[in-house]
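**Student:** Handing you a structure now.
The values are calculated or read from the model by the stated rules, or taken from the named source; none is laboratory data. Bear in mind that the values here come from a model prediction, so they are computed numbers and not experimental data. Here the Cβ is made from the backbone with ideal geometry for all residues, glycine too, and neighbour counts use every protein chain on show.
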């Protein structure tokens with residue numbers, strides 16, 4: 001830390017990580033490396049499949065491919081640094097790197113994903129409840145604007161948090177009991193007044209958590225009402241909705257716990273375990289839950305990867 005006339009200014013933060021036990025850190029390194037590689041493989045396979053098969057050039061798969069791209073960027077802002085820290089003696093991150101990691105990259109991608117999940121729920125509602133008008137409603141122009149809105153939302157919330165972060169003073173301590181720089185914990189280290197900060201934080205939380213979650217819940221309720229009137233296919237539609245709700249519950253539930261709880265309410269490291277779910281687990285589950293179980297995607301996968309291999313062997 002740099003000493004000024006009145007106080008010290010933080011130049012770097014020390015991340016305590018998930019564990020201080022060297023043996024546990026080695027185990028966690030291999031576990032999260034496997035999770036990260038699985039996340040990259042699953043999401044990249046989906047992107048390649050959607051791009052290669054013209055039959056998948058529909059609004060639903062357009063949204064899914066964008067979700068996979070977001071998941072790759074989203075988890076890549078956190079997990080690689082965490083893997084490096086598992087093997088490092090000094091688990092530090094510079095002041096600038098900390099705010100780039102969380103305030104700019106993480107928040108943009110995570111808030112954009114919240115908005116995109118809400119828009120995907122609306123897309124599913126239109127597809128199930130208004131199938132005859134689906135192609136007319138969810139045309140290319142509408143899909144483009146929906147994706148643009150989700151990115152704009154992410155950038156707006158990130159801008160709010162950036163404004164908060166750079167108008168606060170960090171004069172020590174510089175130890176973060178977490179595996180990455182996260183806003184609630186950073187705010188606890190600030191020695192500036194936090195009255196205006198709390199208002200902006202609540203506003204940002206409402207934008208990127210509660211509004212998308214309300215849209216998702218509303219869409220799911222409408223879908224349930226629609227499928228209740230169906231004579232056939234209820235089970236398949238209902239099981240798909242339940243799977244989507246499980247992922248949404250994990251992602252939004254963990255995020256709300258972290259960002260809406262009172263400051264200093266948890267000091268036993270529970271927040272680190274909760275954060276694992278929306279930084280590593282959800283990006284790994286998304287392609288499986290949303291796409292890879294789909295018969296159209298599975299057919300494309302076989303045509304692109306399995307059939308060429310079997311033909312060469314024969």
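**Student:** Residue under question is residue 19, and the condition is that it be surrounded by fewer than 19 Cβ atoms within 10 Å (Cβ to Cβ), in contact with a helix residue (DSSP H, G or I) (Cβ under 9 Å, 6 or more places away or on another chain) and part of a loop (DSSP other than H, G, I, E, B); does it hold?
**Tutor:** The answer is yes for residue 19.
**Student:** Considering only residues that are closer than 30 Å to residue 188 by Cβ and surrounded by fewer than 17 Cβ atoms within 10 Å (Cβ to Cβ), which ones fall in the range 124-155?
**Tutor:** 152, 155
**Student:** Okay, moving on. State all residues of the range 21-46 that are within 27 Å of residue 139 (Cβ to Cβ) and modelled with pLDDT of 90 or more; if no residue qualifies, say none.
**Tutor:** Selection gives 43 alone.
**Student:** Sticking with this structure for a sec: Mind listing whichever residues of the range 257-276 are buried (at least 16 other Cβ atoms within 10 Å of the Cβ) and at pLDDT below 85?
**Tutor:** Scanning the range 257-276 gives 257, 258, 259, 266, 271.
**Student:** How many of the residues making up the range 52-65 are modelled with pLDDT of 85 or more and either surrounded by fewer than 18 Cβ atoms within 10 Å (Cβ to Cβ) or farther than 19 Å from residue 116 by Cα (or both)?
**Tutor:** The total comes to 0.
**Student:** Take residue 186 and tell me if it is under 24 Å from the mean Cα position of the chain (by Cα), at pLDDT 75 or above, part of a helix (DSSP H, G or I) and over 30 Å from residue 59 (Cα atoms).
**Tutor:** Spelling it out, residue 186 is indeed under 24 Å from the mean Cα position of the chain (by Cα), at pLDDT 75 or above, part of a helix (DSSP H, G or I) and over 30 Å from residue 59 (Cα atoms).
**Student:** Looking at residue 180 and the list (1) modelled with pLDDT under 85; (2) under 20 Å from residue 259 (Cβ atoms); (3) touching a strand residue (DSSP E or B) at 6+ places or on another chain (Cβ under 8 Å), which single condition is not satisfied?
**Tutor:** Exception for residue 180: condition (1).
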